[in-house]
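The values are calculated or read from the model by the stated rules, or taken from the named source; none is laboratory data. All values derive from a computational prediction rather than experimental measurement. Here the Cβ is made from the backbone with ideal geometry for all residues, glycine too, and neighbour counts use every protein chain on show. Accessible surface is based on the protein model in full, side chains and every heavy atom, while ligands, DNA and RNA are left aside. Shrake-Rupley method; radii C 1.70, N 1.55, O 1.52, S 1.80 Å.
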Amino acid sequence: MPRWLAHLLVVVGWLLTPVVAWGASFLGLWLGALVAIRFHSPAAMLGAAGALGLVCGFATLWVWVHLMRRVPHLLSHLMAPRASEQHDALPAAA
């Protein structure tokens, strides 16, 4: 994998962070609304839906940030060697 592509993937991944957090909180809010239907009080319904949306959003954000911190290390194993590293490896192989 070219180095520029690996760097681009890291940048795009970090730029997607707000989208991932928003999507997870929306999904949590939707699931919370399904759970909240069983309550009789409108305040309890809003509280349950909001709490589940908040928990899902922050949990997903926490997992995403931990994953994005490890991506450069994971991609370093797939990157092509640098030009300076390539010239050093050729005489050793001969």
Please verify whether Ala59 is more than 30 Å from Trp4 (Cα to Cα), in a helix (DSSP H, G or I), modelled with pLDDT of 95 or more and among the hydrophobic types (A, V, I, L, M, F, W, C), treating the condition exactly as stated. yes
For segment 1-13, does any single residue satisfy the condition of being of a type in the set (Phe, Trp, Tyr) and loosely packed, with under 13 Cβ neighbours inside 10 Å? yes
Output for Cβ contacts, cut-off 7 Å, separation at least six or different chains, first residue hydroxyl-bearing (Ser, Thr, Tyr) in segment 21-46, second part of a helix (DSSP H, G or I) and open to solvent by less than 80 Å² (accessible area, probe 1.4 Å), reads Ser25/Gly53; Ser25/Cys56; Ser25/Gly57
Residue pairs qualifying under the 9 Å Cβ cut-off, at least six apart or on distinct chains, with the first in segment 48-72 being touching a residue at least 60 places away in the same chain (Cβ under 8 Å) and within 28 Å of Val10 (Cβ to Cβ) and the second being open to solvent by less than 50 Å² (accessible area, probe 1.4 Å) and of a type in the set (A, V, I, L, M), are Val71/Ala6; Val71/Val10; Pro72/Ala6; Pro72/Val10
Every listed condition ((1) surrounded by fewer than 13 Cβ atoms within 10 Å (Cβ to Cβ); (2) within 30 Å of Pro81 (Cα to Cα)) holds for Leu34 save (2)
